[in-house]
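What follows is a set of notes on a single structure, which appears directly below.
The values are calculated or read from the model by the stated rules, or taken from the named source; none is laboratory data. As the structure is a prediction and not an experimental result, all values here were calculated from the model. All Cβ positions, glycine included, derive from the backbone under ideal geometry; neighbour counts span all protein chains shown.
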């Protein structure tokens, strides 16, 4: 399958490795910075035969890839995705799928119209720990779900933001919740019932005067099934990343997943006693080298299989929209100082330009 990578920044190595692990025919890479392309080509031994482009439209027109990965700045995701979809390219779109409800809806509609597969890259759903939790949810082992919590306590310093001018801007990124925390926010919504009644949020910028958006977000979520969620996410932890943790509390079960990227089962308690907690903790433990985990390779395998068998990917564009919608709802609630009902009809990160201007 012919594959092209659009955007060779921080997350691109995970996509290149996933493409290689799945034996994709990497025909081209694209970035506005030629040096960035050459760096990745050298590190991953892509060879001189792989074409380099600084214009993604030219790459798509000339190389006609069947599958593309979109790893540009977040604010460009929708523009690039729509161009590719309209030309018949299947897409893996890095999180967030877009920065507005309107753009997310446009991606979903275009994928249906042009009969292409689109997957939002929420790769932590493929973590071994997350998969076994999801299995327990599907088997109703928790009984009635009471509440779940997502904690993302990370560090992002001045150097991180200096490496890319788009980071932390409302137009191209958003803040800690949209960039760093959206993976765990996605997991919380997925586990607790997906459909949300209302959201109450607070956000602030406490320690990053040089960005536009928030570095702290706290939220309460009321799900339509009667369960609740709590979110706290920040990039203010000193002096380095502390944890990314997901708790699920139910009538008959309690689970805690932690580690760098929710990749370690730390608590596993169920009244049905179907399995040995120590065996589960040992079997579903992963120790990835960074917060991105190991999920990109199985995500790629799933998308390839979805294309080959004409089915929806495990993680759909609609899943990407739901994660985006929850973050935007927190932003909206924080800005308006009141609870926000879902679904959101129209909201974008650009609605909050000037939010923290002093």
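Picking from 81, 69, which residue would you name as being in contact with a strand residue (DSSP E or B) (Cβ under 6 Å, 6 or more places away or on another chain), in the same structural domain as residue 120 (by TED's automatic domain parsing) and in a helix (DSSP H, G or I)? Step through it out loud before you land on a result.
Numbers: 69 fails: in a helix (DSSP H, G or I).
None of the others qualify; the one that does is 81.
Within segment 336-350, restricting attention to residues that are part of a helix (DSSP H, G or I) and touching a residue at least 40 places away in the same chain (Cβ under 8 Å), which residue is surrounded by the fewest Cβ atoms within 10 Å (Cβ to Cβ)?
Residues of segment 336-350 that are part of a helix (DSSP H, G or I), as a first pass: 336, 349-350.
Subset that is touching a residue at least 40 places away in the same chain (Cβ under 8 Å): 349-350.
Working: 349: 27, 350: 14.
So the residue we want is 350.
Pick from segment 292-329 the residues that are within 12 Å of the chain's Cα centre (by Cα) and surrounded by fewer than 21 Cβ atoms within 10 Å (Cβ to Cβ): which of them is nearest to residue 245 (Cα to Cα)?
The selected residue is 292.
Residue 312 is checked against (1) over 23 Å from residue 71 (Cα atoms); (2) assigned to a loop (DSSP other than H, G, I, E, B) and fails just one. What number does that condition carry?
Status for residue 312: all satisfied but (1).
Mind listing whichever residues of segment 104-121 are part of a helix (DSSP H, G or I) and surrounded by fewer than 20 Cβ atoms within 10 Å (Cβ to Cβ)? I'd like the intermediate steps shown before the answer.
Initial filter on segment 104-121 (part of a helix (DSSP H, G or I)): 104-113.
105, 106, 108, 109, 112, 113 - these are the residues of segment 104-121 that are part of a helix (DSSP H, G or I) and surrounded by fewer than 20 Cβ atoms within 10 Å (Cβ to Cβ).
Given the conditions (1) modelled with pLDDT of 95 or more; (2) surrounded by fewer than 17 Cβ atoms within 10 Å (Cβ to Cβ), which single one is not true for residue 268?
Residue 268 satisfies every listed condition except (2).
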